[in-house]
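Scroll down for the structure; my scribbles are underneath it.
The values are calculated or read from the model by the stated rules, or taken from the named source; none is laboratory data. Everything numeric in this text was worked out from a predicted model, so none of it was measured. Ideal geometry is used to build each Cβ from the backbone, glycine not excepted, and the neighbour counts take in all protein chains shown.
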Amino acid sequence: MSKHTPTPDGLVIVDKPSGFTSHDVVAKMRGIAKTRRVGHAGTLDPMATGVLVLGVEKATKLLGHLALTEKEYLGTIRLGQNTVTDDAEGEITSSADASGVTQDAVDAGVAKLTGDIMQVPSKVSAIKIDGKRSYTRVREGEEFEIPARPVTVSSFRVYDMSGAEAEDGTKVVDLIVSVVCSSGTYIRALARDLGADLGVGGHLTALRRTRVGPYKIDRARTLDQLQEELTVMPVADAAQAAFPRWDLDERRARLLGNGVRLEMPDEYPPGKPVAVFGPDGKLLALVESKGGKAKSLAVFV
């Protein structure tokens, strides 16, 4: 991109490499897109790879509304070892022979962790407890509890189950799993809880996010690919993919632009973001219905 070409507004779907924090990816994208206005929708652990949704320029206004969506993952759970972080990044805290774990027991454990469940997030996470990051409290050696919170695991499937021997000689079992869940669900907490239920401990050894809301891995590009060619999903396309669409004629588009709170059709339920388009197909705003009228969440014109 030449220095005279303005950075386009839109989403960039990144295939995050392992070892990068979400913030590292944002910093890299600021260099690639030549703008400070870059943000991300929902973090992804450093160990994990896959879909990370970034907003560039005006599309950063969409991000807070995109994060509250369903996510899909492929991962590997190792039964037989607990770690301090519930994933392969942390040191092993306990080991147990998992070779006797049966497929039936795994299926029963997975069933308990499917549906609407209460989940205690991993202690080494960015969650805030009384205004302080949980991982900071762990580093400082604090003893504390994180309250369980409701999450939805709409699908939790095991595709493969195989025995292995860990580096310390422990007989472990590796599960290849897929999970579809609500935002805020910790896959490594699912690994920990499945291991606990089976009495042998468990942690996550690999994780790849394959979908965030409507944005799938097939749309994602690696940082190297984006360095070669910045692929931006225009902000109008991004909004249409994520939200219901409301088309306005010229008169109402002008009124909306002047700050008039328009009557909203009944088909749009209150409190849910709706993308508003003008007669020329341009994204005007993101609104929600409040008392039957359009309340602006983000304005794009």
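Given the structure, is ASP15 at pLDDT 95 or above, acidic (Asp, Glu) and not assigned by TED's automatic domain parsing to the domain that holds GLY199? Steps first, please.
On the way: at pLDDT 95 or above: yes; acidic (Asp, Glu): yes; not assigned by TED's automatic domain parsing to the domain that holds GLY199: yes.
For ASP15, the condition - at pLDDT 95 or above, acidic (Asp, Glu) and not assigned by TED's automatic domain parsing to the domain that holds GLY199 - is met.
Got a sec? Which of VAL110, VAL14, VAL106, VAL26 is under 23 Å from ARG219 (Cα atoms), in contact with a helix residue (DSSP H, G or I) (Cβ under 8 Å, 6 or more places away or on another chain) and of a type in the set (Val, Ile, Thr)?
Details: VAL110 fails: under 23 Å from ARG219 (Cα atoms); VAL106 fails: under 23 Å from ARG219 (Cα atoms); VAL26 fails: in contact with a helix residue (DSSP H, G or I) (Cβ under 8 Å, 6 or more places away or on another chain).
Result: VAL14 is the single residue among VAL110, VAL14, VAL106, VAL26 that is under 23 Å from ARG219 (Cα atoms), in contact with a helix residue (DSSP H, G or I) (Cβ under 8 Å, 6 or more places away or on another chain) and of a type in the set (Val, Ile, Thr).
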Failed item in (1) surrounded by fewer than 17 Cβ atoms within 10 Å (Cβ to Cβ); (2) touching a strand residue (DSSP E or B) at 6+ places or on another chain (Cβ under 7 Å), with ALA27 passing the rest
(2)
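Given the criterion in a strand (DSSP E or B) and of a type outside the set (Gly, Ala, Ser), identify the matching residue among LEU226, LEU230, LEU204, LEU255.
Numbers: LEU226 fails: in a strand (DSSP E or B); LEU230 fails: in a strand (DSSP E or B); LEU255 fails: in a strand (DSSP E or B).
Within the list LEU226, LEU230, LEU204, LEU255, the selection yields LEU204.
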Those residues that are over 17 Å from the mean Cα position of the chain (by Cα) and within 24 Å of ALA298 (Cβ to Cβ), I need them from region 196-238; list them, please.
LEU230, THR231, VAL232, MET233, PRO234, VAL235, ALA236, ASP237
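Is it the case that some residue within region 173-188 is in a strand (DSSP E or B), among the small types (Gly, Ala, Ser), exposed (fewer than 13 other Cβ atoms within 10 Å of the Cβ) and touching a residue at least 12 places away in the same chain (Cβ under 8 Å)?
Initial filter on region 173-188 (in a strand (DSSP E or B)): 173-181.
Still in the list and also among the small types (Gly, Ala, Ser): 178.
From what is left, the residues that are exposed (fewer than 13 other Cβ atoms within 10 Å of the Cβ) are none.
Scanning region 173-188 turns up no residue that is in a strand (DSSP E or B), among the small types (Gly, Ala, Ser), exposed (fewer than 13 other Cβ atoms within 10 Å of the Cβ) and touching a residue at least 12 places away in the same chain (Cβ under 8 Å).
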For VAL26, are the conditions met, namely being in contact with a His (Cβ under 6 Å, 6 or more places away or on another chain) and either free of Cβ contacts under 8 Å to residues at least 40 places away in the same chain or in a strand (DSSP E or B) (or both)?
yes
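Kindly check whether there is at least one residue in region 223-236 that is of a type in the set (S, T, N, Q), more than 30 Å from PRO279 (Cβ to Cβ), surrounded by 14 or more Cβ atoms within 10 Å (Cβ to Cβ) and touching a residue at least 40 places away in the same chain (Cβ under 8 Å). Quick ask: steps written out before the conclusion?
First pass over region 223-236, keeping only residues of a type in the set (S, T, N, Q): 225, 227, 231.
Narrowing the set further to residues that are more than 30 Å from PRO279 (Cβ to Cβ) leaves 225, 227.
Cutting the leftovers down to surrounded by 14 or more Cβ atoms within 10 Å (Cβ to Cβ) gives us none.
The answer is no; no qualifying residue exists.
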(1) of a type in the set (Gly, Ala, Ser); (2) modelled with pLDDT of 90 or more; (3) under 30 Å from ALA33 (Cβ atoms); (4) in contact with an Asp or Glu (Cβ under 8 Å, 6 or more places away or on another chain): which one isn't true of ALA285, the others all being true?
(4)
Cβ contacts < 9 Å: first residue at pLDDT 90 or above, restricted to region 48-62; second residue in a helix (DSSP H, G or I) and of a type in the set (D, E, K, R), any location; separation 6+ or different chain. Result?
VAL51/ARG219; GLY55/LYS61
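Which residues, taken from region 233-252, are charged (D, E, K, R) and part of a helix (DSSP H, G or I)? Spell out how you get there, then give the answer.
Keep residues of region 233-252 that are charged (D, E, K, R), which gives 237, 245, 247, 249-252.
Scanning region 233-252 gives ASP237, GLU250, ARG251, ARG252.
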Applying the selection to region 245-273, what residues are closer than 16 Å to SER296 by Cβ, loosely packed, with under 13 Cβ neighbours inside 10 Å and in contact with a Pro (Cβ under 9 Å, 6 or more places away or on another chain)?
LYS272
Would you check if ARG78 is assigned by TED's automatic domain parsing to the domain that holds SER182 and more than 20 Å from THR152 (Cα to Cα)?
yes
Right, LEU194: surrounded by 15 or more Cβ atoms within 10 Å (Cβ to Cβ) and either in contact with a helix residue (DSSP H, G or I) (Cβ under 7 Å, 6 or more places away or on another chain) or on the phi > 0 side of the Ramachandran plot (or both) or not?
yes
Given the conditions (1) closer than 28 Å to GLY163 by Cα; (2) of a type in the set (A, V, I, L, M); (3) modelled with pLDDT of 90 or more, report the number of the one that VAL84 does not fulfil.
(3)
If the Cβ limit is 9 Å and pairs must be 6+ apart or interchain, which residue in region 86-100 that is assigned by TED's automatic domain parsing to the domain that holds LEU207 pairs with which residue that is assigned to a loop (DSSP other than H, G, I, E, B) and basic (Lys, Arg)?
ASP86/LYS123
